[in-house]
Amino acid sequence: MIDKKEIYRIAKLAKIDIKDDELDTYSKQISKILGYIEELNKVDTSDVDEFSGSMLNEHQNLRDDVPTKSLSRDKVVGLAPDTDGVYFKVPKVIKKDEE
C-alpha cells in the first residue's frame, strides 16, 4: 500500500488539498488502481500491432481549417445576459470551502 508521504506528494503535484482523515481512503484507492495496472501489465500483447496516432487520420474525413467571418466582440458581449465591460459575468459555481 502507498504510504501517507507519497499520497501527500501526489496530491501536491495534482494541486489537491487532502485532509489527514482522507489519507487512508486515498491510499487504499490508489493502491487498488496500481494493482489493476499491474494486472494489465501482465497481459501478453506481443501479437498486437503497435498503435500509431497517424492511423486516425487515415480513416477520418476532416475538413480544412479555414477562417470564416464571425460576430464582432461587441456583438457577442451584447448578446450575453450579464457582462462587465468586455467580460461575461457567470454565477459562481465553487463553494467557499472548495477553494
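Name the residues in segment 71-99 that are modelled with pLDDT of 90 or more and under 30 Å from residue 17 (Cβ atoms), would you?
Those that are modelled with pLDDT of 90 or more and under 30 Å from residue 17 (Cβ atoms): 84, 87, 88, 89, 90.
So which pairs qualify, if the first residue must be in segment 84-96 and under 21 Å from residue 72 (Cβ atoms), the second must be surrounded by 10 or more Cβ atoms within 10 Å (Cβ to Cβ), the Cβ gap must be under 7 Å, and the two must be at least 6 apart or on different chains?
Hits for this filter: 86/77; 88/80; 89/83.
Any residue at all in segment 30-42 that is modelled with pLDDT of 95 or more and aromatic (Phe, Trp, Tyr)?
The answer is yes, given that some residue of segment 30-42 is modelled with pLDDT of 95 or more and aromatic (Phe, Trp, Tyr).
The values are calculated or read from the model by the stated rules, or taken from the named source; none is laboratory data. Because the structure is predicted, anything quoted here is derived from the model rather than measured. Note that each Cβ is placed from the backbone with ideal geometry, even for glycine, and that neighbours are counted across all protein chains shown.
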